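Asks: Quick one: the structure is below, questions incoming.
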Amino acid sequence: MKYTLKPIRTDQDLHEAVEAFRAAIHAKDGTPEATTRDLLADLIEHYENREHPIEAPDAVTAVKQRMADLGLTQRDLAPLFGAESRVSEFLNNKRRLTLRTAKALHERLSISCESLLKTELAPDRKTARVLQVRERG
């Protein structure tokens with residue numbers, strides 16, 4: 001299939017580019033066909049990211065998915081949350097993440113900050129006390 005490289009602006013352009021990519025998928029590196037294949041991959045990725053973006057999951061969904069990926073249990077996450085009951089509360093949307101816990105989940109389980117910070121964080125203890133004092137007047 002002869003394909004002329006061009007910007008992908010419509011779903012029809014995308015369809016044509018994907019067909020051309022499939023035809024060149026096994027091209028030997030260093031050949032003009034391989035260069036076309038690599039450029040098509042970049043064009044297709046750019047179009048899909050722009051026109052059909054995939055949003056990061058919320059924190060609970062991201063943690064549940066990572067637990068499944070790694071075969072972890074709530075007990076395994078207890079050190080990051082402070083107690084197994086806190087893990088359960090978080091996974092059942094009854095507890096928000098603290099910044100400290102979000103940081104630990106990111107560092108130790110490689111969960112994206114975008115997912116972890118997608119929902120409102122719980123204030124730390126010092127901030128919570130300040131807010132309580134302000135509410136009392």
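Asks: What is the calculated FRET efficiency for Tyr3 to Glu51, with r their C-beta to C-beta distance and R₀ = 22 Å, to the nearest 0.05?
Replies: 0.65
Asks: 7 Å from Cα along Cα→Cβ at both His26 and Leu117: what's the point-to-point distance in nm?
Replies: 4.6
Asks: While we're here: If you fit an axis through the alpha-carbon atoms of helix 11-24 and take the longest principal axis of the Cα set of the chain, what angle between them do you get, 0 to 90°, nearest 10?
Replies: Once rounded, the angle reads 70 degrees.
Asks: Under Stokes-Einstein, with the Kirkwood radius over Cα pairs standing in for Rh, what whole-number D in µm²/s applies to the chain at 20 °C and 1.002 mPa s?
Replies: Rounded to a whole number, D works out at 115 µm²/s.
Asks: Relative contact order for the chain: what is it in percent, counting Cα pairs under 8 Å that are at least 6 residues apart?
Replies: Once divided by the residue count of the chain, the mean separation gives 18 percent.
Asks: To the nearest 500 deg cm²/dmol, what mean residue ellipticity at 222 nm is calculated for the chain from DSSP H runs of n ≥ 4 alone, each contributing -39,500 (n - 2.57), summed and divided by the residues?
Replies: Roughly -19500 deg cm²/dmol at 222 nm, from the helical runs in the chain.
Asks: Could you list the square roots of 5 times each eigenvalue of the Cα gyration tensor of the range 46-117, that is, the equivalent ellipsoid semi-axes, sorted largest first and rounded to whole Å?
Replies: Gyration-tensor ellipsoid for the range 46-117: 25, 12, 11 Å.
Asks: Which GluC sites (Glu not before Pro) from the range 30-59 combine a DSSP loop assignment with at most 15 other Cβ atoms within 10 Å?
Replies: Glu55
Asks: Springs between alpha-carbon atoms under 10 Å, Gaussian network over the chain: tell me which of Val87, Val63, Val18 tops the mean-square fluctuations.
Replies: Residue with maximal mean-square fluctuation among Val87, Val63, Val18: Val18.
Asks: Just to be sure I understand: with springs between alpha-carbon atoms less than 10 Å apart, which residue in Arg37, Arg66, Arg100 has the highest mean-square fluctuation in the Gaussian network model of the chain?
Replies: Arg37
Rule-based calculations on the coordinates, nothing more; no lab input. Quick caveat, the model's predicted, so the values are computed rather than measured. Here the Cβ is made from the backbone with ideal geometry for all residues, glycine too, and neighbour counts use every protein chain on show.
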